[in-house]
Amino acid sequence: MRSERKENLEGSQVEYALALARGDTEASHLVIEDLLTRRCSLGEIYSQVIAPALANVGDLWCKKEISVAEEHLATQLVLSHLERLSSMFAWRDRLSSYRVLVGCVEGERHWVGARMFVDLCLSRGWSAEFLGPDVPGNALIDIAKKRAPHVV
């Protein structure tokens, strides 16, 4: 049963990656809907479908098989899915006293993975805050001192 689920997720990842590379909003949405219908966890969706599909899109861009605009479109499709998924899986009440603060250091503009990590923390009932990309080092230190999270 476990290997069958893994194969199904791999198939979903391939479909999702193809949809992202084409910039196909409807097809990418249908893959996410199917995963939800199959009661996949947020962790499964993020780690076994979305993250590998994004890596595939990055590889296509590196090989010049898609343009930077197409790569950006794929990222925007993913962000729309993350927004929906995070709202579906996040606990409304904190279940844990853990506090997490996540931000990407100055100069780092690749932040989708960090955002996914925050969503996963929220899905576990943790308090998690996301500062986004390109956070100046001093600003990150200052807010970490003020917010006093367990993990930065």
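The values are calculated or read from the model by the stated rules, or taken from the named source; none is laboratory data. All of these numbers come straight from a predicted model, not from anything done at the bench. Cβ placement follows ideal geometry from the backbone for every residue including glycine, while neighbour counts extend to all protein chains displayed. When the accessible area is computed, the model is the full protein with side chains, heavy atoms only, and any ligands, DNA or RNA have been set aside. Shrake-Rupley method; radii C 1.70, N 1.55, O 1.52, S 1.80 Å.
Annotations
- Checking Arg109, Arg99 one by one, the residue that is within 25 Å of Ser41 (Cα to Cα), open to solvent by 50 Å² or more (accessible area, probe 1.4 Å) and at pLDDT below 95 is Arg99 and no other.
- Output for the range 103-117, where each listed residue is not basic (Lys, Arg) and not in a helix (DSSP H, G or I): Gly103, Cys104, Val105, Glu106, Gly107, Glu108, His110, Trp111
- Any hit, the range 117-131, residues being among the hydroxyl-bearing types (Ser, Thr, Tyr) and either in contact with a strand residue (DSSP E or B) (Cβ under 6 Å, 6 or more places away or on another chain) or within 24 Å of Ala27 (Cα to Cα) (or both): yes
- A single entry from Phe117, Phe130 fulfils the requirement of being aromatic (Phe, Trp, Tyr), surrounded by fewer than 17 Cβ atoms within 10 Å (Cβ to Cβ) and within 24 Å of Leu140 (Cα to Cα): Phe117.
- Some residue of the range 29-49 being in contact with a Cys (Cβ under 9 Å, 6 or more places away or on another chain), open to solvent by 30 Å² or more (accessible area, probe 1.4 Å) and basic (Lys, Arg): no
- The single condition from (1) hydrophobic (A, V, I, L, M, F, W, C); (2) farther than 23 Å from Thr37 by Cα; (3) exposed (fewer than 13 other Cβ atoms within 10 Å of the Cβ) that Met88 fails is (2).
- Leu120 within 29 Å of Gly23 (Cβ to Cβ) and either of a type outside the set (Asp, Glu) or assigned to a helix (DSSP H, G or I) (or both): yes
- Unique residue being in contact (Cβ under 8 Å) with a residue 12 or more places away in the chain, in contact with a Ser or Thr (Cβ under 8 Å, 6 or more places away or on another chain) and not basic (Lys, Arg) when the list is Val100, Val105: Val100
- Evaluating Trp61 against the criteria (1) at pLDDT 95 or above; (2) open to solvent by less than 100 Å² (accessible area, probe 1.4 Å) leaves one unmet condition, (2).
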